[in-house]
1. Mind listing whichever residues of segment 1-28 are closer than 25 Å to residue 92 by Cβ and not in a loop (DSSP other than H, G, I, E, B)?
2. Filter segment 215-230 down to residues that are exposed (fewer than 13 other Cβ atoms within 10 Å of the Cβ) and at pLDDT below 95, then give me how many there are.
3. How many of the residues making up segment 313-356 are over 18 Å from residue 150 (Cα atoms), assigned to a loop (DSSP other than H, G, I, E, B) and not aliphatic (A, V, I, L, M)?
4. If residue 116 meets every condition in (1) in the same structural domain as residue 185 (by TED's automatic domain parsing); (2) in contact (Cβ under 8 Å) with a residue 40 or more places away in the chain apart from one, which number is that one?
5. Please give the number of the condition residue 126 fails out of (1) closer than 25 Å to residue 23 by Cβ; (2) assigned to a strand (DSSP E or B).
6. Please specify each residue of segment 196-208 satisfying the condition of being crowded, with 23+ Cβ neighbours inside 10 Å and farther than 17 Å from residue 262 by Cβ.
7. Looking only at residues in segment 146-165 that are within 27 Å of residue 192 (Cα to Cα) and under 17 Å from the mean Cα position of the chain (by Cα), which one is surrounded by the fewest Cβ atoms within 10 Å (Cβ to Cβ)?
8. Considering only residues that are over 14 Å from residue 30 (Cα atoms) and of a type in the set (A, V, I, L, M, F, W, C), which ones fall in segment 111-147?
Amino acid sequence: MPKKFIPASDPSIRYMGRIDRTIPDAPKIIYAGSMITLRFTGTCLSAVICNHRFYNKMELGLLVDGKEEKVSFETDRERFTLPLVSGLPDAEHEVTLFKRQDATHYFDFFGFETDPETESLPPRPLPDRRIECYGDSVSAGAVCEAMDNVASPDPDDTQGVYDNAYHSFPMITARNLGAEINNIAQGGIAVFDRTGYYHAPDTIGMETVYNKTVYFPEECGYTEWDFSRYTPHVVIFAVGQNDQHREQGEDPDINEPGYRSKWKERYKDILRDLRSHYPNARFILLLTVLMHDPSWDAALDEIVAELGAEGEDKVTHFTFTRCGKATPGHPRLPEQYEMASELTAYISRMDPGIWE
């Protein structure tokens with residue numbers, strides 16, 4: 001019996017995240033934590049996608065009536081149908097397909113496939129509150145599920161199977177606060193190009209990525225993001241962990257006055273541009289509990305003070321209780337939830353008017 005196809009442009013499908021929807025029937029799902037949700041009555045659901053793998057094993061996350069699952073696959077660079085769920089009670093269901101990993105891959109989403117008698121239902125509205133996060137691998141939930149390595153270095157060659165953006169601190173914080181989130185997080189990224197660890201194929205930084213929808217020069221180039229499509233109330237800027245590394249040449253030293261000034265100015269340039277798009281948003285600068293030199297935190301204090309001297313009063317620096325001290329490896333689930341709890345409390349203490 002022929003299957004029923006629900007195209008990606010169908011109004012019953014709800015999207016969350018910075019997604020390239022230039023082609024409505026083939027959006028590109030790129031950033032970690034991006035979500036596609038369908039409510040329907042029926043017993044099964046598959047996704048029709050074309051995956052583009054760069055490295056690591058391929059897995060996508062699922063929420064099936066609120067229960068978290070995942071699906072693994074190997075098909076690459078060809079359109080195929082990926083089974084998601086089957087054998088459900090013939091009743092109303094809500095399934096969310098989400099991207100667990102960062103730029104280890106991206107995929108083109110063409111739509112859902114299901115049984116002919118299945119009926120799609122109107123989507124639930126997205127939350128009125130909106131958050132945006134700019135971050136690195138911690139914000140992307142890298143290696144967070146490696147629970148045998150809590151407060152320890154990462155296990156060897158995990159192939160991305162422990163990555164899960166759903167349990168990253170910005171996405172947990174958004175759920176805690178009942179907010180939508182665009183999670184602009186990429187493992188290894190620093191502020192400057194040619195620093196940090198993110199290769200594409202040359203090392204690129206947040207100065208290149210922050211205003212892009214697509215940032216894969218080795219495959220499909222760059223696509224500019226239209227900031228009018230999403231206006232957050234709160235912006236989390238969590239970049240700085242990887243900035244002490246330069247792929248070629250000497251590693252940068254944040255305590256060297258010339259470099260410190262140069263780094264802070266580029267950081268502020270990005271903030272100023274984002275502030276021009278989101279003049280009413282509250283900006284929170286932070287670094288995570290992953291071990292790092294506290295000089296980077298001091299530099300964030302200086303940035304807030306320098307912007308304050310320019311009349312900027314909507315940018316603050318939040319410091320986690322165990323900032324830079326909790327773990328030499330990526331934060332696991334306990335540390336991610338610890339950070340989310342503290343950040344949720346910090347945002348909750350702000351003027352409730354920030355959400356207006």
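The values are calculated or read from the model by the stated rules, or taken from the named source; none is laboratory data. Since we're looking at a predicted model, the values are computed, not measured. As a convention, Cβ positions derive from the backbone with ideal geometry for all residues, glycine included, and neighbour counts pool all protein chains shown.
1. 4, 5, 6, 7, 13, 14, 15, 16 - these are the residues of segment 1-28 that are closer than 25 Å to residue 92 by Cβ and not in a loop (DSSP other than H, G, I, E, B).
2. Adding up the residues that qualify gives 3.
3. Residues flagged as over 18 Å from residue 150 (Cα atoms), assigned to a loop (DSSP other than H, G, I, E, B) and not aliphatic (A, V, I, L, M) within segment 313-356 amount to 7.
4. Only one criterion is unmet by residue 116, namely (1).
5. For residue 126, the failing item is (2).
6. Within segment 196-208, 198, 204 qualify.
7. Checking each candidate, the answer is 160.
8. Correct list: 112, 121, 126, 131, 133, 138, 142, 143, 144, 146, 147.
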